[in-house]
Amino acid sequence: MIQVGGAVVVRAEVRGVSPGFHGFHVHAVGECIPPFTSAGGHYNPDATAHGDHAGDMPSLLVMDDGTASIRFETDGFAVTELLD
């Protein structure tokens with residue numbers, strides 16, 4: 001993720017993931033320890049309904065070979081908000 005003016009550019013490339021659509025979000029806590037509940041819920045500083053959380057991002061479509069890539073811009077948060 002990089003901040004470009006008022007938008008954050010998000011780019012991801014994954015491999016070794018099961019094919020199909022997968023949710024893709026920023027979580028409230030910057031910690032990822034199995035069983036992964038340590039990351040908390042989706043980043044949602046405005047307490048909005050699911051689907052409108054600041055951390056909700058487009059779904060990730062993984063191909064049959066287990067790879068996916070995505071690039072998009074969001075104004076739902078600033079990179080500095082995620083670095084607390």
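Structure data summary
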item: Integer Hz, Karplus 6.51/-1.76/1.60 couplings in order for segment 69-80, x for Gly and Pro; result: 9, 8, 8, 7, 10, 9, 10, x, 7, 10, 4, 4
item: Computed over the chain, Cα set: Rg, Dmax in Å; result: 13.5, 38
item: Selection from Gly30, Met57, Ser69 lying farthest towards where the dipole of the chain points positive, charges on Cβ; result: Ser69
item: Residues with amide H under 5 Å from that of His27, placed H, sequence gap 5 or more; result: Tyr43
item: Amide proton proximity set for Val62, modelled H, under 5 Å, gap of 5+; result: Gly20, Phe21, His22
item: Cα gyration tensor shape for segment 43-84, rounded if a/c is under 1.5, else prolate or oblate; result: prolate
item: The chain: relative contact order as a whole-number percent, Cα under 8 Å and 6+ apart; result: 42 percent
item: For segment 2-17, 3J(HN,Hα) per residue [Karplus equation, 6.51 cos²θ - 1.76 cosθ + 1.60, θ = phi - 60°, Hz, x = Gly/Pro]; result: 9, 8, 10, x, x, 10, 10, 8, 10, 9, 9, 10, 10, 8, x, 10
item: J(HN,Hα) series, segment 47-60, from Karplus relation 6.51 cos²θ - 1.76 cosθ + 1.60, nearest Hz, glycine and proline x; result: 6, 8, 5, 4, x, 10, 5, 4, x, 6, 10, x, 5, 9
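Throughout, read-outs are computed from the coordinates displayed, never taken from laboratory work. Source: prediction; values computed, not measured. Heads up, the Cβs are rebuilt from the backbone with ideal geometry, glycines too, and the neighbour counts pull from every protein chain shown.
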